[in-house]
Amino acid sequence: MTENNDKLLIDFFAENRQEIPDNGFTRRVMRHLPNRTRRISQVWVTFCFTLALVLFFVFDGLQQVLGTLRETLTAAAQNGVTELDPKSLLVAGIVLLFLLYRKICSLA
């Protein structure tokens, strides 16, 4: 019985289908709807960044970073920086600048 009713409904709607001109109405409505996922994403990124910043200062991150840099430079000086190849340093510097440039461009 339900299959017969379904078939009758499908046939009825197929025969009496009318196209209503849209004239850009759907596009305008979709453009004015709020983008919920983008807003949630922005809130989440802001929350995580704020949390990371707070934890960085709570655990004295700046002193940790400076201490690590000092130890690295001291170890490099003790192990002989003069043995480093200038070409390798130049290539490493160029690669790092390129990666920094790409990261900055991706944020825009």
>> Against the condition at pLDDT 80 or above, more than 26 Å from the chain's Cα centre (by Cα) and open to solvent by 100 Å² or more (accessible area, probe 1.4 Å), how does K103 come out, does it pass?
In response: no
> Picking from L66, L62, L73, which residue would you name as being over 24 Å from the mean Cα position of the chain (by Cα), open to solvent by 90 Å² or more (accessible area, probe 1.4 Å), aliphatic (A, V, I, L, M) and modelled with pLDDT of 85 or more?
Replying inline: L62
>> Being under 24 Å from the mean Cα position of the chain (by Cα) and at pLDDT 85 or above: is that true of Q42 here?
In response: yes
> Which of (1) modelled with pLDDT of 85 or more; (2) open to solvent by less than 100 Å² (accessible area, probe 1.4 Å) is the odd one out, the single condition F25 does not satisfy?
Replying inline: (2)
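The values are calculated or read from the model by the stated rules, or taken from the named source; none is laboratory data. Small disclaimer: the values here were computed from a predicted structure and weren't measured. Heavy atoms of the whole protein, side chains included, go into the accessibility calculation; ligands, DNA and RNA do not. Shrake-Rupley method; radii C 1.70, N 1.55, O 1.52, S 1.80 Å.
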